[in-house]
Amino acid sequence: LLMCSTPYCQPAWIMRNVPKEPEPNQPATPDGTEAANPPIQKRIGPLFLAYTVGRFGVFAILVLAFYLFGFQGFPGLITAAIISVPLSYLAFRGWRMELANRIAASRAAKINFKDQFRTAGEES
């Protein structure tokens with residue numbers, strides 16, 4: 001990810017699922033009042049845990065397979081590690097993209113909250 005203070009520096013594929021802000025001249029709700037509750041964000045932790053366990057699982061399956069076929073010891077571990085990286089990269093692409101989207105949305109929400117906090121003091 002790029003090191004930037006605004007979410008607009010992020011690549012388009014990361015910002016795809018970030019919720020859009022209402023237009024400044026348009027009311028946030030149909031009755032003209034501001035929306036009291038921000039959009040609910042999906043949690044990052046469970047998906048991160050599933051992704052991490054999945055990657056370790058691929059590594060463990062490869063170590064077990066190499067052990068059963070007689071490729072044991074340190075060379076078997078290193079080979080399993082080297083093979084598990086691209087295999088996990090391809091197998092868990094959807095989880096990785098969803099995790100990146102959730103992290104980007106969380107970061108954009110934090111930046112939006114900070115901007116609203118800063119401008120709230122200027123308006124009064």
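The values are calculated or read from the model by the stated rules, or taken from the named source; none is laboratory data. Since the model is a prediction, treat every value here as computed from it, not as a measurement. When we count neighbours, we look across all protein chains shown, and the Cβ atoms used for this are built from the backbone with ideal geometry, even at glycine.
Restricting attention to region 77-124, the residues that are closer than 16 Å to F56 by Cβ and among the small types (G, A, S) add up to 5. Of all residue pairs spaced 6 or more apart or on separate chains, none has beta-carbon atoms under 8 Å together with a first member in region 113-124 that is over 21 Å from Q41 (Cβ atoms) and a second member that is modelled with pLDDT under 70. Could we say that G94 is part of a helix (DSSP H, G or I), exposed (fewer than 11 other Cβ atoms within 10 Å of the Cβ) and within 17 Å of the chain's Cα centre (by Cα) here? So G94 passes the test. Restricted to region 57-112, and to residues there that are without any contact (Cβ under 8 Å) to a residue 60 or more places away in the chain and among the basic types (K, R), the residue that is nearest to Q41 (Cα to Cα) is K110.
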